[in-house]
Amino acid sequence: MASTTNFRLKLAMGTFVLLSVALSMTTASVTNGASSPSNRSIHSAGQHADTKCQDGLLLPVWQPEDNLTTGDRIARGLVYFFSLLYLFIGVSIVSDRFMAAIEVITSKEKEVRVKKPGGEEQIVVVRVWNETVANLTLMALGSSAPEILLSIIEIVAKNFKAGDLGPGTIVGSAAYNLFVIMAICVLVIPDGEVRKIKHLRVFFVTATWSVFAYIWLYLILAQITPGRVDMWEGFLTFLFFPATVVTAYIADRRLLVYKYISKQYRMNKRGVIVQVEAESALEMDNRDDRLNTIDENGGVTEEVRDFEESRREYISTLRDLRKKYPQHDLEQLEIMAQEQLMNKGPKSRAFYRVQATRKMMGSGNIMRKISERAQSDLSEVKAELQRVDVEETIAEDAACRVFFEPGHYTVMESVGEFEVRVVRRGDLGCSVTVDFETEDGSAEAGSDYIGKKGTLTFLPGVAEQRFQIQVIDDDVFEQDEHFYIKLSNPSEPACLATPKIATVMILDDDHSGIFALTSKDHELVESVGTYELKVQRYSGARGKVRVPFWTEDGTAKAGKDYEAQSGELIFENNEIIKIVQLGIIEEGSYEKDVLFYFNLGEPQQIGDDDVTGIIEAAEGKAPEDLTEEDKMALLGRPKAGDVVRAQLRIKESKEFKNTVDKLVQRANASILIGTSSWKEQFIEAITVSAGDDDGEKGEGEEEPTPSCMDYIMHFITLFWKIIFAFIPPTDMSGGYLCFVVSIFCIGVVTAIIGDVASHFGCTLGIKDSVTAIIFVALGTSIPDTFASKVAAIQDKYADASVGNVTGSNAVNVFLGIGVAWTIAACYHSYHGRSFDVEPGTLAFSVTLFCSEALIAILVLMLRRSKRIGGELGGPKKIKIVTSIFLFSLWIVYLLISSLEAYGIIKGF
């Protein structure tokens with residue numbers, strides 16, 4: 001289906017060319033046969049077949065020029081025509097290199113510290129270049145460089161006199177972009193789907209400037225100084241370019257007046273009040289919504305909006321893949337999620353432009369590189385995280401540290417003696433001493449334990465030392481007690497590390513004990529697998545005791561977040577610790593925060609020992625009949641402690657979270673279009689790759705092989721590929737060297753295009769203004785057509801396909817005409833002359849375009865109604881009607897402009 005669509009689109013482009021040729025030839029013949037010689041002399045001077053053609057800037061006129069037959073002219077016209085097509089291919093390929101350099105430049109990143117609602121700081125990598133500024137400056141320059149340079153080069157080639165080819169190409173390209181590209185983008189969206197402009201404020205600003213640009217062009221041509229362009233007019237035209245960028249940036253960041261415009265708020269599913277654009281209902285409701293970190297004033301947090309959205313998209317994709325492929329492990333799913341994120345995520349204008357060019361020229365679909373990139377990204381991230389852990393461990397091991405291991409001892413009162421262990425880590429090459437001494441807690445030296453102090457010596461190579469502590473046993477029932485052992489005075493170069501104080505708990509073993517959990521709150525990561533929960537027995541350890549337990553749901557659900565458990569713990573005589581193994585289910589949730597509970601029931605004495613018999617007998621007596629022995633027995637029966645209900649909070653895996661953050665930061669498919677070496681460029685130049693539309697390869701599918709058309713296009717374009725492989729790689733000098741060399745090469749090829757286009761029109765009797773709006777405008781806009789088509793299908797929003805068109809149209813005038821006419825006006829002013837520009841055809845063409853542009857923009861805005869819901873796509877019938885209407889606007893523009901150029905319709 002994708003290949004068929006591509007074929008139809010190419011066929012449509014060919015039809016456009018043939019239609020244009022027929023239209024031009026028809027108007028030319030009508031004009032040649034017209035009965036009004038005065039009209040013909042005004043509008044056709046210098047364009048008839050019997051008029052001498054002028055040499056171009058780089059190419060001379062094809063000689064001989066006199067006494068040519070009609071067949072000769074047609075033959076030369078065909079040679080020029082196919083030469084134009086080949087040059088258009090060349091300029092598209094060198095623009096590929098130029099756009100790659102721009103992408104590298106605008107992809108520069110910086111680290112931003114963001115404070116989350118809980119006060120936690122997070123480091124996020126964001127783009128240095130604002131997306132709106134990048135699109136209106138370097139990106140617009142990259143996609144429109146041929147038209148802009150053609151206008152400037154034509155001024156120089158004609159000795160700073162006004163020409164028709166450059167300005168005509170700019171206006172004709174604007175008409176093609178707004179009418180034809182929009183018609184295609186509306187049509188290619190799958191039936192029932194819509195694409196809506198996300199940043200509507202920016203679109204309004206750029207659309208206003210794009211219409212104003214051509215209104216201003218008409219004013220300086222026909223109203224302010226008719227037939228003349230002064231220096232201030234040319235310079236002001238250029239200044240409108242930075243004004244466009246600044247106002248679009250203000251709209252994008254809600255600065256100045258936008259701070260005071262009313263905003264809409266809503267509550268998301270987590271109960272957080274968030275602000276949304278009144279004109280754009282963003283899909284931000286999500287369980288993992290963290291956009292409340294973004295403030296309304298466009299602070300630092302505004303810059304991480306795309307990162308937050310991409311991260312939620314990654315988690316959602318990972319969750320869907322887990323359901324779809326339950327047999328895959330987490331690492332496989334992470335690779336697949338990363339690949340999908342790079343496939344579906346927003347991409348720059350440069351990416352789509354380069355992708356379109358390479359697919360058309362048999363250089364392969366760069367989307368195919370995403371799978372390899374996803375795997376390499378995951379491997380690099382895992383290695384980086386592991387390297388950080390190793391480096392931290394090495395740093396810790398570098399110093400000589402002395403500490404207790406373990407730092408807590410629990411012993412029975414009847415233990416007699418027990419061993420305490422002190423270790424040192426790090427540098428073991430020297431001799432080290434450290435002092436130790438016991439210190440009373442609730443246990444007292446002399447009655448509960450034997451106090452002790454001394455010095456431990458670690459000889460070179462010795463990593464641990466041990467010493468004995470004695471506990472005093474008695475027959476009196478008492479509460480559990482504790483005391484401390486402290487380390488002090490380490491010799492150089494050793495230092496004390498935690499734990500430098502060991503705690504010793506002495507458990508009374510004369511009665512059954514008290515049973516409780518070690519802690520009321522537990523925090524664990526979902527990747528732990530099995531969590532060991534300790535149940536302890538203190539204040540006695542005699543007899544066999546049964547303790548019931550069970551888990552209980554909170555926000556965590558059994559079977560989804562953890563494995564439910566219930567049963568009984570059996571403490572044998574003198575057994576003081578039991579471990580419950582709780583199974584935690586890992587589902588790969590980024591900011592998981594759920595909890596469940598673990599409960600202990602009432603402990604019960606079991607068994608036939610003497611203590612059990614005494615307790616049972618005492619329980620059967622009345623309180624007044626209890627003897628001292630009975631009361632002591634009742635005090636010593638098993639009891640539940642203070643902590644019999646624990647709350648277990650399951651949070652995201654730090655490793656998984658770090659992996660996600662780093663993968664999302666790397667999920668920029670646009671970086672794939674850069675090159676690192678000349679070797680890589682030449683290998684790409686001579687390699688034939690499949691250029692089909694499907695960028696995703698399913699499981700078990702083989703890599704596609706190049707088609708016959710891929711081979712044909714490769715050999716046709718091989719000359720250009722090899723020539724432009726000499727351009728420096730984008731990795732050199734941050735992309736700036738490639739930028740400069742590429743724009744120079746574009747200028748050379750564009751100059752040749754200008755000469756060939758002028759000779760082509762002159763040979764066939766076609767005026768430069770008609771050649772510009774039909775042939776040159778169409779040829780320079782073909783790559784943009786395919787780029788916008790792919791962007792419309794792949795992007796969630798219409799900004800990359802619709803919004804960029806209006807910005808590009810404005811930039812074309814402000815740079816292409818503003819710079820060219822400012823140079824010419826300055827030149828003529830220096831020589832004491834005025835820079836004359838005949839309004840005629842250009843002013844009429846501009847007026848016609850402005851009228852139709854307002855209609856087209858109104859149509860796009862009407863499509864945002866509830867019935868359709870977006871600028872692109874929608875119900876099938878409405879799509880077709882909209883596309884036909886927009887396309888008809890282009891045909892009307894071409895037809896009326898051509899008729900006016902030949903004097904059939906009266907212009908200005």
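Listing for the model above:
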| item | result |
| --- | --- |
| Which listed residue is open to solvent by 10 Å² or more (accessible area, probe 1.4 Å), within 21 Å of T237 (Cβ to Cβ) and in a helix (DSSP H, G or I), from V811, V819 | V819 |
| Qualifying residue in region 599-617 (condition: closer than 23 Å to L648 by Cα, open to solvent by 50 Å² or more (accessible area, probe 1.4 Å) and modelled with pLDDT of 70 or more) | yes |
| The listed residue being within 13 Å of K359 (Cα to Cα) and either modelled with pLDDT under 85 or assigned to a helix (DSSP H, G or I) (or both), out of D661, D710 | D710 |
| Which numbered condition V229 fails, given (1) touching a strand residue (DSSP E or B) at 6+ places or on another chain (Cβ under 9 Å); (2) modelled with pLDDT of 60 or more; (3) hydrophobic (A, V, I, L, M, F, W, C); (4) under 28 Å from G803 (Cβ atoms) | (4) |
| Residue within region 797-805 that is farther than 17 Å from G172 by Cα, open to solvent by 30 Å² or more (accessible area, probe 1.4 Å) and more than 31 Å from the chain's Cα centre (by Cα) present | no |
| Among (1) open to solvent by 50 Å² or more (accessible area, probe 1.4 Å); (2) assigned to a loop (DSSP other than H, G, I, E, B); (3) within 25 Å of F515 (Cβ to Cβ) - the single one A443 does not satisfy | (1) |
| Residues satisfying the stated conditions in region 139-198, i.e. of a type in the set (G, A, S) and open to solvent by 20 Å² or more (accessible area, probe 1.4 Å) | A157, A162, G192 |
| Residue count for region 833-862, restricted to those that are within 37 Å of the chain's Cα centre (by Cα) and touching a residue at least 60 places away in the same chain (Cβ under 8 Å) | 8 |
| Any chance R537 is basic (K, R) and not in a strand (DSSP E or B) | no |
| Selection within region 554-583 - open to solvent by less than 50 Å² (accessible area, probe 1.4 Å), modelled with pLDDT under 85 and more than 30 Å from V411 (Cα to Cα) | D561 |
| Failed item, numbered, when Y902 is tested on (1) farther than 28 Å from P190 by Cα; (2) in contact with a Phe, Trp or Tyr (Cβ under 8 Å, 6 or more places away or on another chain) | (2) |
| Filter result for the condition that a residue is on the phi > 0 side of the Ramachandran plot, in a loop (DSSP other than H, G, I, E, B) and touching a residue at least 24 places away in the same chain (Cβ under 8 Å), over G163, G192 | G192 |
| Residue identified as modelled with pLDDT under 85, under 59 Å from the mean Cα position of the chain (by Cα) and open to solvent by 30 Å² or more (accessible area, probe 1.4 Å) among V476, V528 | V528 |
| Restricting region 446-470 to residues that are of a type in the set (A, V, I, L, M) and closer than 16 Å to V402 by Cβ, the residue that is least open to solvent (accessible area, probe 1.4 Å) | L456 |
| Test: Y830 is open to solvent by 20 Å² or more (accessible area, probe 1.4 Å) and within 26 Å of the chain's Cα centre (by Cα) | no |
| Given (1) assigned to a helix (DSSP H, G or I); (2) at pLDDT 85 or above; (3) surrounded by 14 or more Cβ atoms within 10 Å (Cβ to Cβ), index of the condition W62 fails | (1) |
| The listed residue being of a type in the set (F, W, Y), modelled with pLDDT of 85 or more and exposed (fewer than 13 other Cβ atoms within 10 Å of the Cβ), out of F739, F724, F719, F715 | F715 |
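Here's the yes/no breakdown for (1) closer than 17 Å to L78 by Cβ; (2) open to solvent by 10 Å² or more (accessible area, probe 1.4 Å); (3) assigned to a helix (DSSP H, G or I):
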residue	(1), (2), (3)
C745	no, yes, yes
F760	yes, no, yes
T771	yes, no, yes
F775	yes, yes, yes
T785	no, no, yes
S788	no, yes, yes
A792	no, no, yes
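Residue-wise test of (1) surrounded by 20 or more Cβ atoms within 10 Å (Cβ to Cβ); (2) touching a residue at least 24 places away in the same chain (Cβ under 8 Å); (3) of a type outside the set (A, V, I, L, M, F, W, C).
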position: F483; (1), (2), (3): yes, yes, no
position: K486; (1), (2), (3): no, yes, yes
position: P490; (1), (2), (3): yes, yes, yes
position: T498; (1), (2), (3): no, yes, yes
position: A502; (1), (2), (3): yes, yes, no
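The values are calculated or read from the model by the stated rules, or taken from the named source; none is laboratory data. In this text, all values refer to a predicted model and were calculated from it rather than measured experimentally. Every residue, glycine among them, receives a Cβ derived from its backbone with ideal geometry; neighbour counts consider all protein chains shown. These accessible areas exclude ligands, DNA and RNA; they are computed on the full protein's heavy atoms, side chains included. Shrake-Rupley method; radii C 1.70, N 1.55, O 1.52, S 1.80 Å.
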